[in-house]
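Student: Have a look at this one before I ask anything.
Readers should treat all values here as calculations from the given coordinates under stated rules, not as data from a laboratory. Only a predicted model underlies this, so the values are computations on that prediction, with no experimental measurement involved. A quick note on method: Cβ atoms are made from the backbone with ideal geometry, for glycine too, and the neighbour counts reach across all protein chains shown.
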Amino acid sequence: MAGINGRPTKLTQDFINKADEYMDCWEELGEVIPSIAGLSVYTRVSRDSIHSWAAGEWPSDASESTRESFSDIVTALGATQELKLMNGGLGGAMNPTIAKLLLHKHGHSEKVQQDNVSSDGSMGLDNLNITVTKP
C-alpha cells in the first residue's frame, strides 16, 4: 500500500506504539513539556507529517484505527502540555512569559475590555449626538 507520493506511510501501528512510548517517557527524556517536536524526534517522523495528520490530512493507506489512535495521542499530548504550562507558570517552575506565550496555542489569551462610559452615564452611546455642518 502506497501513500500519496508512492511511498508507504509512516502512520502505522509501529508509529502509534512509539508515540505511546513517548507519551510515557517524555519527562525521562528531560523535556519540560511534551511537544510535537519531541514526538517527531522520538519517532523519527517529520514535524510536517505529524502536523498534517493532526490537521486531518491522512495518508490513503492509514487504517481507521491507526487514525483514531493518532488523534487520541495528539489530544493527550495537547492536554498534558496545557496542564504542565498552567501549573508551571502559576507555580513559578516556568518562566511565566513563555508559559503565557505557549498557552496562547491552547486558546488562552489575555483580554482587556474597556467600556467608554462615564460613571454618571454622560458618555454612553445613548447620549451621542452628531451634528453635520457644512464648511
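Student: Can you tell me the FRET efficiency between ALA55 and ASP20 if r is taken as the Cβ-Cβ distance and R0 is 22 Å, rounded to the nearest 0.05? Please list the in-between numbers first.
Tutor: Details: r = 21 Å, r/R0 = 0.95.
So the FRET efficiency works out to roughly 0.60.
Student: Can you give me the long-range amide H partners of MET94? Hydrogens built in the peptide plane at 1.01 Å from N, cutoff under 5 Å, separation of 5 or more residues or another chain.
Tutor: Amide H neighbours of MET94: GLY89.
Student: Taking 8 Å as the Cα distance limit and 6 or more residues as the minimum spacing, I'd like the relative contact order of the range 13-106 as a percentage. Could you put the intermediate results ahead of the total?
Tutor: Details: 64 pairs, mean separation 23.5, N = 94.
With pairs under 8 Å counted, the relative contact order is 25 percent.
Student: Treating each Cα of the range 13-106 as an identical point scatterer and ignoring solvent, apply the Debye formula and state log10 I(q)/I(0) at q = 0.15 Å⁻¹.
Tutor: -0.60
Student: Given points 7 Å out from each Cα along the Cα-Cβ axis, report the ARG47 to SER63 separation in nanometres with one decimal.
Tutor: 3.1 nm
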